[in-house]
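Colleague: Before we start, here is the structure in question, set down as structure tokens.
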Amino acid sequence: MDTTMVTVKINGSEYPAPRNATILDACTRAGFKVPTLCYCEDVAKNASCAVCVVEVKGAKSLLRSCTACVHEGMEIVTNSPRIRDARKTSVELLLANHPSDCLACLRNQNCELQTLAADLGVRGSRFVRTKKAEKLDTTSPSVHRDPNKCILCGRCIAVCQNVQTVSAIGLSGRGIRTKISTYMEKGLGNVACTYCGQCALVCPTGAIVERDETDEVFEELSNPDKVVIVQTAPAIRVGIGEAMGLEPGSLVTGQMVAALRRLGFRKVFDTQFAADLTILEEGHELIRRLRTNGTLPMITSCSPGWIKFAEHFYPSSLAHLSTCKSPQQMFGAVAKTYYASKTGIDPRNIVVVSVMPCTAKKFEARRPEMMSAFEYWKDKRAWSETDAFYDVDYVLTTRELARMFRETGVRFSSLPSEEFDHPLGESTGAAVIFGATGGVMEAALRTAYEVVTGTPLTNVEFTAVRGMEGLKEASVDMNGTVVKVAVAHTLKNARTLLDQIERGESPYAFIEIMTCPGGCLGGGGQPIPTTWAVRRQRAESLYREDAGKPVRKSHENPHITALYKEFLKEPLGDMSHHLLHTSYERRGLRPWTAGSNGQQHAASVRPAG
Amino acid sequence: MEKKKTVVATASLAGCFGCHMSILDIDERILSLIDLVEFHRSPITDIKHFTEYCDIGIIEGSCCNSENVQVLREFRRHCRVLVSLGECAIMGGVPAMRNGIPVRECIEEAYLNGPSVKGHNPEMVLPNDPELPMLLDRVYPCHEIVKVDHFLPGCPPRADLIYDTLAALITGGELHLPYETVKYD
Amino acid sequence: MKSTFPESPGDLEFGEIAFQDTMIKSVSGIIERYGRDPSRLMDILIDTQAEFGYIPRPVVSFIARDLTISAVDIEQTLSFYHFFATRPSGRYTVYLNDSVIANMMGREEVARTFEREAGCRFGDVSADGLIGLFSTSCIGMSDQEPAALINGRVFTQLTPFRVKEIVRDLKSGKRLDEAMVEGLGDGANALPEIRSMVRNNIRKKGPILADGYRPGDALKKVVKMRPEEVIAEVKLSNIRGRGGAGFPTGMKWEICRNARSEQKYIFCNADEGEPGTFKDRVILTEYPKMLMEGMAVAGYAVGATQGILYVRYEYMYLREHLEKVIEGGRKKNYLGTNICGKEGFEFDIRIQFGAGAYVCGEESALIESAEGKRGEPRDRPPFPVESGYHGRPTIVNNVETLCSIVKIVNNGATWYRSMGTKESSGTKVLSISGDCKYPGVYEIEWGFSVNDVLEMVGAADVQAVQVGGPSGTLIGPNEFGRTLSYTDLSTGGSIIVFGRERDLLKDVVLNFLDFFIAESCGSCSTCRNVPVLLRQKLLKVLDARGVPRDIDEMLDWSKVLKASRCGLGLTAANPVVSSIRNFRPLYDRKIQHGKDYDSSFDMLAAVRASCDAVGRVPTLMADGGGAA
């Protein structure tokens, strides 16, 4: 990194700037705000919107400050009639082809195009439409696309191709007919898309949004015959505050619980309870594999985006996946069996709503095998297939929950701090850190270590697996057996570990993979914007909550112990097998030929021979 | 000699007549208005053809078929000042929601596939009576067909606004649109 | 719902062709040929199209699987280039160019004849699948228009009569080369490895287009010099890029030389897409050895061992010829290792074809295309000389520039500077076409005035001259005294002459706008939208519905293109701006003065769709505003 400084002139005064910094960087350092649109730090620098233009003495045209670099003595002007005119015209050209339905758009008041137009004083567009109307893509259960709102900034493609290496979407056509689309416009639900929602997270407008389930949840809440319960992921308590106007990373667990009660949920439970449960099951699964020479390395299975990725791209790794369900799904199964039994409520009337930082969870909840509770009760109660229900009924992203809070007038600042309900609300510090990359690994190690060695840990914090680095590894000495583990976040980094496994060169026993940058706290359903700085703040809050918890190891959660004693009997036992474990399917790279969770298509004609 | 009254003509093209109702919402002030104003071609008077040159033409609704265009052009030809009244006339409004959908699809939806017609039109008749005007490729706001002098926003514009505007046009006075008129939040 | 996904290729969604084992073999072979390298996607797609006539969807899926990239990655590239077809495009695919000169020379009649004879419209394939008719931008044959490509073979100076003959021959089963009854062209065009009717039309030779060129002289000389000395000589000659951008070549080489990297590249830009430019075609035909020697010299100077000759798809008919030259060069040790006996001096050349995108003439877009991607210009910095092909230091030089280098090495920088002007040293090869007696290729010294040029080509009573193609400027007689140079009227070679009878607005400006609309890469909202808007405005003016405000708006909206990311965007409004500035009376004549408003509403066009739908025959009244 070049740390030589040069002096540049910005708007008449001199400022230092690192040599080879972009003009945009230099201006930001000097305190000048240059408006941008397609530019997204760490994600994409497409330089296509022509909003960040500045005047540079000697240059024959306006330069794009996001890519042009400074040199010694450069004279920059960031504000002049010519610049303002150019910026406004660029925005007007975008608005000319943009639908004017801000009020109906999910990104109303949180849209970069809207904010930019307002900031620049653009009150309308002089220009007529030049593009044809495009169809919506609603084929995916997680993420919906409206190409009419797309400004072709390219961020979604950058994230999908570079950060996730999935390439579900790309550019098609040329010139005025350019558009962003899936392969042959099949729709996200019909191609190899992992539903991770990172595209929705970086989209500056409402062109890609999460599938909204708030209406359905509101309807269930107002149905007196239903017992609507909610579970919240760890990442929510460090994300929802942001969406309600607090500082990024604010830890608002207590207010979140209070707010959820105000919304009308009968019981407010915690996904973290199920996270502890997951550790018990997964920890024992790992130990069993270690002891019986089972398939190693074992890979975590709580990230549905990662699961779908493996099912499409690395079917050979499916045997390595833990058979454990994710905490969300374990919760659903337990709620509709154990909790239903304890309370005597008819499981068919229990509605489980989960709040997740994740869009792929909407897909996970609808996977056909996630009906374990129904399977459990079916024969006991002699139900027919028409009574069938999912373990988890609805999944709301953090953004949807924020919209529900705003709609019902919840004000976070004036809420008291409340506690989760029992028996599915108690959790340990190990469960909290599930939301951060390395958290599942650390939680699992805390339990695995003590079970294998039989001795308590002196220090529960495995800092080697913490932090935002893409690939982390650690070695844990369990009474002489050295267990090597690895942690990856983003699917690009996952590939490194998976390619290693395919070549037979993997030295690891246990691998944690999270689809989203930073882990679940950077999930596709989290508040927008989510930058690395924000991710770090959210992570810091999670680790802070962990440190403040009296119980920090999953196996010491008394409610989990009770669950096993009363109901599950033992980890990996018969009950667990039916309720808490699952299987996977090979999806291939061309799911549209034979139907998938998206649309059904007629079976294709087989080739001759 | 009696001062000649200002002659006003009005029309509703592809409009819902809500703007005309809004004109009538000036209530009893219409009594003082007709001292100064005389309505010529208008649904209010039911005069259907121009027989003289008018001072003010007020148009509600957008142009969605050829007859709308014809009427609008006649208005432009016969009126000194032309006013677009309401959002449909100004930017297309609700009828313009069909813009972007191919015309054929709209016609087929209306006469073949729509929920209330499906199955009831077995001969698949698409009306073509010579009396029927033809749909345009898209719905046009008035100023894209003829030059429009003034625009009164609203859906519908408030009666007070219409009254004040007429007053200003007749007396030649100034009119400032109050902020609330153009911002609805 | 357990699904069984076919793991073998066999995706017959469209039932176009049964994807059989032989085809798998063939496509696998193509992929192997290019080392299973995804960055060679352009070559893979070109060869696939050559094999099947188009690029079937099942093949795309197969290639994606085989290269382990996403199908959408292939779609990105596939959908960007004009010549990649995803549907069968006829056993004989006709691409008739619609450049301004083609239109001037009778393209319209030729096109209508094609349609009548083939029995289908442009954009379609005839019912029997024999002939597909498509339009394309200028194909570099402006001095022998109207010209078309039929399955890659060039047919020039078409007439309705010839079209009838050709189509009838093809229908009767004759082969394409049998249908080509024109005699072969001059010079190398008659060689068996080209066998084309294309003519060179070299009207004026010069220092570059000279007889007596001995291949190898320059190489033998440079291996006795140090690379820095070679660069110093180039700098001394003051030569600037001959492709149109005019960057000082010596400076470019020096920066590349100083960039540290184990691998550097020399690209020769033979994309020649600016309408009206065809001089590089002639150089590729007649002086390919000089060009390649120039590339090797460049390689020696900057320390590059790999050369890539990027040729536009339309010049595919020169492929065999160029490959033969490269092979010959290797045999003579002008390419390969230890060139001319110099230990450690290795340089080789491979040919990379484009697939139909003018924007790929821009150096960074060219590199993107060579990497198998869409031809979208990169953000600069970093510049290609520092980070270009696969992130390595890359020189991109025009064909003519590299040939000039050879002459500079042979004859010295001082000799070179003695020609041309002080700032614009040396000569320029021009390709001149349009309303003139002697269209063709001329080599002149910089400093010629436009009047000189017009006299040279036998043009009289000239209304206007387009210097530099659509991205250049349109000048009238009052400016014909100006000189051709980098400081006055610059051009990459294209000069188009317009006689009195031409309607500049309709025939020229509108055509140029259509060109930019078709060729814009689409990245920037300004460049993809503004030309479309300008075209709408221009049509309004041409329909006699314009008002003075329309002219002001056209100039106003054009200003925003000054903030463009690449040269295409920067110059896309030039046709409008320069014609308004230099030919204002033509606009004024059409504008309705004193009127401040005219809608461009066209009743007949507006009711067409609904009339078609219900079967109404419109009966408009005299004022055009009556009932339909």
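The values are calculated or read from the model by the stated rules, or taken from the named source; none is laboratory data. Note that the structure is predicted; figures quoted are calculated from it, not measured. Neighbour counts run over all protein chains shown; Cβ positions are idealised from the backbone, glycine included.
Colleague: For segment B:40-69, enumerate the residues that are touching a residue at least 12 places away in the same chain (Cβ under 8 Å) and either surrounded by fewer than 20 Cβ atoms within 10 Å (Cβ to Cβ) or at positive phi (or both). Show your work before the answer.
Modeller: Initial filter on segment B:40-69 (touching a residue at least 12 places away in the same chain (Cβ under 8 Å)): B:40-44, B:50, B:52-69.
Scanning segment B:40-69 gives B:SER42, B:PRO43, B:ILE44, B:PHE50, B:GLU52, B:TYR53, B:ASP55, B:GLY61, B:GLU67.
Colleague: Sticking with this one: Return a yes/no flag: does segment A:209-228 have any residue that is buried (at least 19 other Cβ atoms within 10 Å of the Cβ), closer than 22 Å to A:LEU95 by Cβ and out of contact with any strand residue (DSSP E or B) (no Cβ under 9 Å at 6 or more places or on another chain).
Modeller: no
Colleague: How many of the residues in segment C:584-605 are touching a helix residue (DSSP H, G or I) at 6+ places or on another chain (Cβ under 8 Å) and part of a helix (DSSP H, G or I)?
Modeller: Number satisfying all stated conditions: 4.
Colleague: What about C:THR427, is it at pLDDT 95 or above, of a type outside the set (Lys, Arg) and touching a Pro at 6+ places or on another chain (Cβ under 6 Å)?
Modeller: yes
Colleague: Cβ-Cβ below 8 Å, separation at least six or inter-chain, first residue in segment A:124-141 and small (Gly, Ala, Ser), second in a loop (DSSP other than H, G, I, E, B): which pairs?
Modeller: Within 8 Å, the pairs are A:ALA133/B:GLY100; A:ALA133/B:ILE101; A:SER140/A:GLY187; A:SER140/A:CYS193; A:SER140/A:TYR195; A:SER140/A:ARG211; A:SER140/A:GLY598.
Colleague: Determine whether segment C:604-622 contains at least one residue that is loosely packed, with under 15 Cβ neighbours inside 10 Å, closer than 30 Å to B:LEU72 by Cα and more than 11 Å from every other protein chain (Cβ to nearest Cβ). Lay out the reasoning, then the answer.
Modeller: Initial filter on segment C:604-622 (loosely packed, with under 15 Cβ neighbours inside 10 Å): C:604-605, C:612, C:615, C:617, C:619-622.
This time we only want the ones that are closer than 30 Å to B:LEU72 by Cα, so: C:604-605, C:612, C:615, C:617, C:619-622.
Pick out the ones that are also more than 11 Å from every other protein chain (Cβ to nearest Cβ) and you get C:622.
Yes; the residues of segment C:604-622 include at least one that is loosely packed, with under 15 Cβ neighbours inside 10 Å, closer than 30 Å to B:LEU72 by Cα and more than 11 Å from every other protein chain (Cβ to nearest Cβ).
Colleague: For segment A:1-20, how many residues meet the condition of being free of Cβ contacts under 8 Å to residues at least 24 places away in the same chain, of a type in the set (Ser, Thr, Tyr) and part of a strand (DSSP E or B)?
Modeller: Qualifying residue count for the region: 2.
Colleague: Give just the number: which of (1) aromatic (Phe, Trp, Tyr); (2) touching a helix residue (DSSP H, G or I) at 6+ places or on another chain (Cβ under 6 Å); (3) more than 14 Å from chain A (Cβ to nearest Cβ); (4) surrounded by 22 or more Cβ atoms within 10 Å (Cβ to Cβ) does C:TYR95 not satisfy?
Modeller: (2)
Colleague: Kindly establish whether A:THR323 is free of Cβ contacts under 8 Å to residues at least 24 places away in the same chain and surrounded by fewer than 19 Cβ atoms within 10 Å (Cβ to Cβ).
Modeller: Working: free of Cβ contacts under 8 Å to residues at least 24 places away in the same chain: no; surrounded by fewer than 19 Cβ atoms within 10 Å (Cβ to Cβ): yes.
Criteria not met by A:THR323.
Colleague: Which residues, taken from segment A:21-49, are of a type in the set (Gly, Ala, Ser), free of Cβ contacts under 8 Å to residues at least 60 places away in the same chain and within 11 Å of chain C (Cβ to nearest Cβ)?
Modeller: Filtering segment A:21-49 for residues of a type in the set (Gly, Ala, Ser) gives A:21, A:26, A:30-31, A:44, A:47-48.
This time we only want the ones that are free of Cβ contacts under 8 Å to residues at least 60 places away in the same chain, so: A:21, A:26, A:30-31, A:47.
Matches in segment A:21-49: A:ALA47 only.
Colleague: I've got another one for you. Would you check if C:GLU553 is more than 24 Å from C:MET456 (Cα to Cα), at the interface with chain A (Cβ under 9 Å from one of its Cβ atoms) and surrounded by fewer than 19 Cβ atoms within 10 Å (Cβ to Cβ)? Spell out the reasoning first.
Modeller: Details: more than 24 Å from C:MET456 (Cα to Cα): yes; at the interface with chain A (Cβ under 9 Å from one of its Cβ atoms): yes; surrounded by fewer than 19 Cβ atoms within 10 Å (Cβ to Cβ): yes.
Against the criterion (more than 24 Å from C:MET456 (Cα to Cα), at the interface with chain A (Cβ under 9 Å from one of its Cβ atoms) and surrounded by fewer than 19 Cβ atoms within 10 Å (Cβ to Cβ)), C:GLU553 qualifies.
Colleague: For segment B:93-148, which positions are at the interface with chain C (Cβ under 8 Å from one of its Cβ atoms) and more than 30 Å from C:LYS537 (Cα to Cα)?
Modeller: B:ILE107, B:GLU108, B:LEU126, B:PRO127, B:ASN128
Colleague: A:MET468 passes all but one of (1) closer than 26 Å to A:THR398 by Cα; (2) of a type outside the set (Val, Ile, Thr); (3) touching a Pro at 6+ places or on another chain (Cβ under 6 Å); which number fails?
Modeller: Only one criterion is unmet by A:MET468, namely (3).
Colleague: Report those helices (runs of 4 or more DSSP H) wholly inside segment A:496-587 carrying at least 1 residues which are in contact with a Gly (Cβ under 6 Å, 6 or more places away or on another chain) and assigned by TED's automatic domain parsing to the domain that holds A:THR437. Working first, answer last.
Modeller: Values: elements: A:532-548, A:558-563, A:574-580.
In segment A:496-587, A:532-548 are the helices (runs of 4 or more DSSP H) which contain 1 or more residues that are in contact with a Gly (Cβ under 6 Å, 6 or more places away or on another chain) and assigned by TED's automatic domain parsing to the domain that holds A:THR437.
Colleague: Specify the residue that is nearest to A:CYS520 (Cα to Cα); the eligible residues are those in segment A:268-322 that are hydroxyl-bearing (Ser, Thr, Tyr) and in contact with a Cys (Cβ under 9 Å, 6 or more places away or on another chain). Show your work before the answer.
Modeller: Step one: filter segment A:268-322 for residues hydroxyl-bearing (Ser, Thr, Tyr), giving A:271, A:278, A:292, A:295, A:300-301, A:303, A:314, A:316-317, A:322.
So of that shortlist, the ones also in contact with a Cys (Cβ under 9 Å, 6 or more places away or on another chain) come out as A:278, A:300-301, A:303, A:322.
Working: A:THR278: 16, A:THR300: 13, A:SER301: 13, A:SER303: 8, A:SER322: 18 Å.
Filtering first and then ranking leaves A:SER303.
Colleague: Out of segment B:166-178, which residues are in contact with a strand residue (DSSP E or B) (Cβ under 9 Å, 6 or more places away or on another chain), outside any loop (DSSP other than H, G, I, E, B) and farther than 14 Å from B:ILE59 by Cα?
Modeller: B:LEU169, B:ILE170 - these are the residues of segment B:166-178 that are in contact with a strand residue (DSSP E or B) (Cβ under 9 Å, 6 or more places away or on another chain), outside any loop (DSSP other than H, G, I, E, B) and farther than 14 Å from B:ILE59 by Cα.
Colleague: Which condition number does C:ARG319 fail, the rest of (1) buried (at least 20 other Cβ atoms within 10 Å of the Cβ); (2) closer than 15 Å to C:ASP271 by Cα being met?
Modeller: Failing condition for C:ARG319: (1).
Each row is one residue, and each column tells you yes or no for (1) closer than 23 Å to C:LEU318 by Cα; (2) at pLDDT below 95; (3) crowded, with 20+ Cβ neighbours inside 10 Å; (4) in the same structural domain as C:ILE139 (by TED's automatic domain parsing).
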{"residue": "C:LEU191", "(1), (2), (3), (4)": "yes, no, no, no"}
{"residue": "C:LEU209", "(1), (2), (3), (4)": "yes, yes, yes, no"}
{"residue": "C:GLY212", "(1), (2), (3), (4)": "yes, yes, no, no"}
{"residue": "C:GLU228", "(1), (2), (3), (4)": "no, no, no, no"}
{"residue": "C:ILE231", "(1), (2), (3), (4)": "no, no, yes, no"}
{"residue": "C:LYS235", "(1), (2), (3), (4)": "no, no, no, no"}
{"residue": "C:ILE239", "(1), (2), (3), (4)": "no, no, yes, no"}
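Colleague: Here is a further query. Hey, does segment A:194-206 have a residue that's surrounded by fewer than 20 Cβ atoms within 10 Å (Cβ to Cβ) and either under 30 Å from A:THR496 (Cβ atoms) or within 13 Å of another protein chain (Cβ to nearest Cβ) (or both)? Quick ask: steps written out before the conclusion?
Modeller: Here is the first cut: in segment A:194-206, the residues surrounded by fewer than 20 Cβ atoms within 10 Å (Cβ to Cβ) are none.
No, that holds for no residue.
Colleague: Of a type in the set (S, T, N, Q) and more than 23 Å from C:ILE580 (Cα to Cα) - does that describe any residue in segment C:481-494? If you could, list the steps in order and put the result at the bottom.
Modeller: Here is the first cut: in segment C:481-494, the residues of a type in the set (S, T, N, Q) are C:483, C:485, C:487, C:490-491, C:494.
Imposing the further condition that a residue be more than 23 Å from C:ILE580 (Cα to Cα) reduces the set to C:485.
Checked segment C:481-494: at least one residue is of a type in the set (S, T, N, Q) and more than 23 Å from C:ILE580 (Cα to Cα).
Colleague: Test each condition in (1) of a type in the set (Phe, Trp, Tyr); (2) crowded, with 23+ Cβ neighbours inside 10 Å; (3) within 24 Å of the chain's Cα centre (by Cα) for C:TYR416 and report the one that comes out false.
Modeller: (3)
Colleague: Quick one: what pairs do we get from segment C:539-550, first residue at positive phi, second assigned to a helix (DSSP H, G or I), C-beta under 9 Å, 6+ apart or different chains?
Modeller: The qualifying pairs are C:ALA544/C:LYS590.
Colleague: Moving on to the next point. If you go through segment C:581-593 one residue at a time, do you hit one that is over 27 Å from the mean Cα position of the chain (by Cα), within 14 Å of chain B (Cβ to nearest Cβ) and under 30 Å from B:ASP137 (Cβ atoms)?
Modeller: There is at least one residue in segment C:581-593 that is over 27 Å from the mean Cα position of the chain (by Cα), within 14 Å of chain B (Cβ to nearest Cβ) and under 30 Å from B:ASP137 (Cβ atoms).
Colleague: Of all residues being of a type outside the set (Gly, Ala, Ser) and more than 14 Å from chain B (Cβ to nearest Cβ) in segment A:128-140, which is farthest from B:PRO141 (Cα to Cα)? Just the residue, please. Show your work before the answer.
Modeller: So in segment A:128-140, the residues of a type outside the set (Gly, Ala, Ser) come out as A:128-132, A:134-139.
Checking which are more than 14 Å from chain B (Cβ to nearest Cβ) leaves us with A:137-139.
Details: A:ASP137: 30, A:THR138: 32, A:THR139: 35 Å.
Applying the filter and picking the extreme gives A:THR139.
Colleague: While we're on this one: Looking only at residues that are in a loop (DSSP other than H, G, I, E, B) and among the hydrophobic types (A, V, I, L, M, F, W, C) in segment C:17-34, which one is modelled with the highest pLDDT?
Modeller: C:PHE19
Colleague: Is it fair to say C:SER578 is within 10 Å of chain A (Cβ to nearest Cβ) and of a type in the set (Ser, Thr, Tyr)?
Modeller: Numbers: within 10 Å of chain A (Cβ to nearest Cβ): no; of a type in the set (Ser, Thr, Tyr): yes.
Against the criterion (within 10 Å of chain A (Cβ to nearest Cβ) and of a type in the set (Ser, Thr, Tyr)), C:SER578 does not qualify.
Colleague: Please find, within segment C:499-532, the residue that is farthest from the other protein chains (Cβ to nearest Cβ) out of those that are more than 14 Å from A:ARG177 (Cα to Cα) and not in a helix (DSSP H, G or I).
Modeller: C:ARG500
Colleague: Next question, about the same structure. Among A:SER167, A:SER100, A:SER125, A:SER90, which is farther than 26 Å from A:SER303 by Cα, within 12 Å of another protein chain (Cβ to nearest Cβ) and buried (at least 23 other Cβ atoms within 10 Å of the Cβ)?
Modeller: Values: A:SER167 fails: farther than 26 Å from A:SER303 by Cα; A:SER100 fails: buried (at least 23 other Cβ atoms within 10 Å of the Cβ); A:SER125 fails: buried (at least 23 other Cβ atoms within 10 Å of the Cβ).
The match here is A:SER90.
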